[in-house]
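J.: Mind having a look at this structure? Questions to follow.
The values are calculated or read from the model by the stated rules, or taken from the named source; none is laboratory data. As the structure is a prediction and not an experimental result, all values here were calculated from the model. Quick reminder, even Gly has a Cβ in these numbers, built from the backbone with ideal geometry, and neighbours come from all protein chains shown. The area values use the complete protein model at the heavy-atom level, side chains included, leaving out ligands, DNA and RNA. Shrake-Rupley method; radii C 1.70, N 1.55, O 1.52, S 1.80 Å.
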Amino acid sequence: MTTTTPRKTADPEAGVLVRRPGPQELHPARTHRRRRTLETGLAVAVPLALILLWQLAATQAWIDDRVYPAPQTILEDGWQRAADGDLWPDVWATLKRVLGGYAIGTVTGYALGLLMGSLSLVRAALEPLLDALYVVPKLALLPVFLNMFGLGEGPQIALVAATVFFFVWISTMAAVLAVPSGHRDAGQVFGASPWQMFRHVLLPASLPAVLVGARIAAGVAVLVIVASEQIAAANGLGHLIFDSRALFQNDVMFVGIVCVAVLGVVFSELVRIVGRLLTPWAPRDRGRSQS
């Protein structure tokens, strides 16, 4: 949140600068409310303006509405599919794959990141291998997972888990390594056991950075599962998008795209909220500062 610089005026009699408080210092709560109102208005107005422009372009035949259906058409079709129950099986199929893979990848990535951040020998042994695997596009691993788990849910969940694992592992290891040595020394001086060192030193100091990686991983997990479902799945939002495009049902295709966007935003926001609850001592995200 930006701050207003207090005004400085010259006092000709005294020959000194007089510092006068700005509006934010005089009325901090009012200034904060106005700022939040402006930010919320912009967040709503920009996408709404783009949607209205899209609607106008489709109705005025500036674009081919057979290829780019009007937002109203997409909304009506999505509402009808939801009411008929045709949409929910695909949403649920994608959601359970994302949640399953995300849970596995988060737990394993955090555990290994904590271990490698704490023990230099483990880090020296595993980091080169994991660095090499990290740069491999995760979709390239889908055939490997298909050979390992066969057709079904296994390859999809494994692909999401592998993707999330690397994001959480990197953020956790980096966060643990960034814990100031003075914090560790203080714990040792007080005779902290390994569990106490983790509970009272490493966990609170590293958790905010770990949760940033977990939030990024939430969005990437949705991205990866949609791409995977377009290749090797019989249901899910990715399959719905790809299959609708093949059948030239572009309105259904855009319904799937909108559902993916909503799912990604909601999932990422839930991770952010959980992170705020788990780390009340951490600073808020930029643009979400407290009054």
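J.: Hey, if we sort 118, 171 by accessible area with the 1.4 Å probe, largest down, what's the order? Walk me through the numbers on the way to the answer.
T.: Numbers: 118 55, 171 20 Å².
Solvent-accessible surface, decreasing: 118, 171.
J.: Just want the answer: with Cβ charges of +1 for Lys and Arg and -1 for Asp and Glu, which residue in 174, 227, 108 is farthest toward the dipole's positive end in the chain?
T.: 174
J.: Let me know the shape class of region 50-98, please: from the alpha-carbon gyration tensor, a ≥ b ≥ c as square roots of the eigenvalues, rounded when a/c is under 1.5, otherwise prolate if a/b is greater than b/c, or oblate.
T.: Values: a/c = 3.28, a/b = 2.37, b/c = 1.38.
Since a/c reaches 1.5 and a/b is larger than b/c, the shape of region 50-98 is classed as prolate.
J.: Assign unit charges at the C-beta atoms only (+1 for Lys and Arg, -1 for Asp and Glu), then state the dipole size of region 100-212 relative to its Cα centre in Debye, rounded to the nearest 20. Numbers along the way, then the final one.
T.: Details: 4 positive and 4 negative charges, 27 e Å.
It comes to approximately 120 debye.
J.: Would region 153-236 count as rounded, prolate or oblate if I go by the C-alpha gyration tensor, calling it rounded below 1.5 in a/c and otherwise prolate when a/b exceeds b/c, oblate otherwise? Mind dumping the intermediate values first?
T.: On the way: a/c = 4.81, a/b = 3.34, b/c = 1.44.
The shape class here is prolate.
J.: Okay, next question. Can you find, among 130, 23, 56, the residue sitting farthest towards the positive end of the charge dipole of the chain, where Lys and Arg contribute +1 and Asp and Glu -1 at Cβ?
T.: Selected residue: 23.
J.: Under DSSP H, which helices of the chain have Cα atoms covering 27 Å or more of the helix axis and a Kyte-Doolittle average no less than 1.0? Don't jump to the answer; show the numbers that get you there.
T.: Details: long enough: 28-59 (46 Å, 0.32); 88-118 (44 Å, 0.65); 153-177 (36 Å, 1.62); 203-232 (41 Å, 1.71); 250-278 (42 Å, 1.80).
Long hydrophobic helices here: 153-177, 203-232, 250-278.
J.: Protein chains only, probe 1.4 Å: how do 138, 96 rank by accessible area, largest first? If you can, show how the numbers build up before the last one.
T.: On the way: 138 30, 96 85 Å².
Final ranking, largest accessible area leading: 96, 138.
J.: Put a dot 7 Å past each Cα toward the Cβ at residue 262 and residue 111; how far apart are the dots in nm?
T.: Reported label-point gap for residue 111 and residue 262 is 3.6 nm.
J.: Something else about it: Can you pull the percent of region 112-236's accessible area that's carbon plus sulfur, 1.4 Å probe, other chains left in place?
T.: Numbers: 4440 of 6200 Å².
Summing carbon and sulfur atoms, their accessible area is 72 percent of the total for region 112-236.
J.: Could you order 74, 257 so the one with the most accessible surface comes first? Probe is 1.4 Å. Write out the running numbers ahead of the final one.
T.: On the way: 74 15, 257 75 Å².
The most accessible residue leads, giving 257, 74.
J.: If you don't mind, another one. By the gyration tensor of its Cα atoms, with a ≥ b ≥ c the square roots of the eigenvalues, what is the shape of the chain: rounded for a/c under 1.5, prolate for a/b over b/c, or oblate? Don't skip to the end; give the middle numbers.
T.: On the way: a/c = 2.89, a/b = 1.14, b/c = 2.53.
Because a/c hits 1.5 or more and a/b fails to exceed b/c, the chain counts as oblate.
J.: What value, in deg cm²/dmol to 500, does the helix sum -39500 (n - 2.57) over DSSP H runs of n ≥ 4 give at 222 nm once divided by the residues of the chain? Walk me through the numbers on the way to the answer.
T.: Working: 12 runs with 211 residues, N = 291.
The per-residue figure over the chain is -24500 deg cm²/dmol.
J.: How high is the relative contact order of the chain, given as a whole-number percent (alpha carbon pairs under 8 Å, six or more residues apart)? Don't skip to the end; give the middle numbers.
T.: Working: 312 pairs, mean separation 57.5, N = 291.
Relative CO of the chain lands at 20 percent.
J.: Related question: Hand me the chymotrypsin sites (Phe, Trp or Tyr not before Pro) from region 190-291 located in a DSSP loop with no more than 13 other Cβ atoms within 10 Å, in residue order please.
T.: Numbers: sites: 190, 195, 198, 242, 248, 254, 267, 281; in loops: 190, 248, 281.
Counting only loop positions with at most 13 other Cβ atoms within 10 Å, the chymotrypsin sites (Phe, Trp or Tyr not before Pro) in region 190-291 are 190, 248, 281.
J.: Beta carbons within 10 angstrom, averaged per residue: use that to sort the peptides 121-128, 110-117, highest first. Don't skip to the answer; put the middle values down first.
T.: On the way: 121-128: 12.4, 110-117: 19.9.
Highest-to-lowest ranking by the protection proxy: 110-117, 121-128.
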